[in-house]
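Below you'll find the structure, written out as structure tokens, and then a few comments.
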Amino acid sequence: MSIYRIELTPDDNGTFLVTCPVLPEVTTFAENRAMAQAVARPAIEEALAARIARGEDAPAQSDIPWSELGSNECGVVMPLLTSLKVDLYNTMRAKGVTKAELSRRLRQHPPQIDRLLKIDHQSQLEAVAEAFRAMEYDVRIEVAPRSAA
């Protein structure tokens, strides 16, 4: 799963301005750190979905050690499916594989490929993994203890 770094800037009314450095369009507010993480997740997903829909860069964040976050920062853990979809989109772009080409490789109709890339569509993990295999990639999921907060 990916972790996106968010910054919390104290506002003059007791709330925090919440922003995401790699996604400048993400701007929201929260009353505390826990709420900031909760409201930032859908905002980050929406920003990623919009970028994918427009064919723009969709930065994928790797795991950020919690110990590297400053006092005015926190990490937002993205859902596994969201992380995989962003990685799929970025892999397609890097390899020059269009949606039409992926559709041919998977022998699926183009709307099925569109759904694989829609952040808010609950695709089956195996369908996403199959798309990676069609581009000669394997998906590996690792379980590890969380580093100290």
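Listing for the model above:
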| quantity | calculated |
| --- | --- |
| Rel. contact order, % - alpha carbon contacts under 8 angstrom, at least six apart, the chain | 23 |
| Surface accessible to a 1.4 Å probe, per residue, for the residues of region 10-58, Å² | 57 |
| Ranked by how many other beta carbons lie within 10 Å on average, peptides 117-123, 138-144, 93-99 from highest | 117-123, 93-99, 138-144 |
| Shape metrics for the chain, restricted to C-alpha atoms - Rg then Dmax, Å | 16.8, 56 |
| Carbon + sulfur, % of accessible area of region 107-149 - ligands and nucleic acids excluded, 1.4 Å | 48 |
| Anisotropy class of region 5-74 from Cα gyration tensor, a/c 1.5 cut | oblate |
| Within the chain: Cβ-based charge dipole about Cα centre, in debye rounded to nearest 20 (Lys, Arg +1; Asp, Glu -1) | 720 |
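The values are calculated or read from the model by the stated rules, or taken from the named source; none is laboratory data. Since this is a predicted model, take the numbers as computed values, not measurements. Cβ atoms come from the backbone with ideal geometry, glycine included; neighbour counts cover every protein chain shown. The area values use the complete protein model at the heavy-atom level, side chains included, leaving out ligands, DNA and RNA. Shrake-Rupley method; radii C 1.70, N 1.55, O 1.52, S 1.80 Å.
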